[in-house]
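Below is one structure, written out as structure tokens; the observations come after it.
Just so you know, all these numbers are worked out from the coordinates, no wet-lab data involved. No experiment lies behind these values; they were computed from the predicted model shown. Every residue, glycine as well, gets a Cβ built from its backbone with ideal geometry; the counts of neighbours run over all protein chains shown.
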Amino acid sequence: KENAFSDSDVRLLETLSNTMGVALESARLFDETNRLLKETEQQKAELGVINSVQEGLAKELDIQAIYDLVGDKIRELFNAQGVVIATFDHNTAIEHFKYAVEDGQRFYLNPRPYDKLRQYMIMSREKIVINTNYEEAYAKFGLKTLPGTNQTKSAVFVPLVIGDRVNSYISLQNNEIENAFSDSDIRLLETLANSMSVALENARLFDETNRLLKETEQRTAELAVINSVQEGLAHELDMQGIYNLVGDRIQKLFNAQSVLIATFDHEKKMEIFNYNFEKGEKFISKPRPLNKLREKLIEEGQLILINENADEAIKKFGLLAIPGTVNSKSMLFMPLIVGDKVSGYVSLQNVDIENAFSDSDVRLLSTLSNSMSVALENARLFDETNRLLKETE
């Protein structure tokens, strides 16, 4: 009907509308305050986590320990059954898994070639978030489930960037639900990844500095040894005295139970043992015919290093243990060269372990052998001069 609403009705409705407007604004402000409060609490919690991780990283300079520290912390923080941290070898296009956990179980996975997802992440240097339709992502990127793990429904891949290069990544994976990772989860993971990148670069630089320092110290020690031996050789003109001086010094320097110094009689194709030491005892061994290894040494004039599979080398070269000694597990043969002729060799042998001789061992023995070759040639020339002088007299 007409005139249904009186002035008092209008006045009452206005009052109610105003009251409702105030109530709605109050509710909006309350919700906004709660949202901001939650964001503040979340950011505070995130900051606490970040500080906790950074504090741990600041004390840690072992690279694998950094992977473990961050991986374990991430497992506690996020709704993820799977956590993966891997590094990239750009020369071989292979990824190496440094940390892989699913459902509380640690996996030690073999390296594998890059798939399309890893290639895209390396090229774009951007995170990849797959919160829905993971089957499509599997097909698009050619993804494969890691051995012993389950197919994923939600995943985040965050690259670790140093300079302008992606060297590794962190991945969260949930195999139960889609949309498992919120914007705040991703933001927090990115912050942790940045902190981890800095810590890994610091650890790498620390390792590199230590390596260079050790190399410098090692080279200094090697130089002192070389100078000491050369000083002794400079005063020694008796050939057997030279063999004894170098042999005695070598058997104290290296991780070798056996030290051999032998010379070659090329006309008779025999080797003559000038110094033979094994396990604290010197042996006087008779000359014997050259075997295949000695022939190879003479022909090529190059060192022969057998650091593993010694039994195969023994069969290949027809090696026989010198009477009173045992076969070795690691062997290094360094030729003694005068002019363009291999006059003999120095050999280090370890009867207990494989890989007994390092690159620095090879380098040091090479230098000592060169010094010994010069000293032996000087001694030979001295003997020859004396012989000619006596004949002349």
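Structural remarks
- Sequentially through region 156-168, phi angles give Karplus couplings (6.51, -1.76, 1.60; θ = phi - 60°) of 10, 10, 10, x, 9, 10, 10, x, 10, 10, 8, 9, 6 Hz, Gly and Pro residues having no value and appearing as x.
- Ordering of 294-303, 131-140, 155-164 by packing is 155-164, 294-303, 131-140, highest average first (other Cβ atoms within 10 Å, averaged per residue).
- A Förster radius of 22 Å, combined with the Cβ-Cβ distance separating Asn110 from Arg204, puts the computed FRET efficiency at roughly 0.40.
- Protection-proxy order for peptides 251-262, 69-80, each taking the mean of Cβ atoms within 10 Å per residue, highest first: 251-262, 69-80
- Close Lys pairs in region 99-215, defined as Cα atoms under 22 Å apart and 8 or more places apart or on different chains, number 9.
- Straight Cα distances below 16 angstrom link Lys329 to the lysines Lys279, Lys315, Lys316, with same-chain residues fewer than 8 positions distant left out.
- Expressed in Å, the radius of gyration and Dmax of the Cα atoms of region 275-393 are 16.6, 57.
- Estimated FRET transfer efficiency (Ser184, Ala139; beta-carbon r; R0 41 Å; 0.05): 0.90
- With the simple spin-label model, which puts each label point 7 Å out from Cα in the Cβ direction, the Leu24 to Asn194 separation comes to 4.0 nm.
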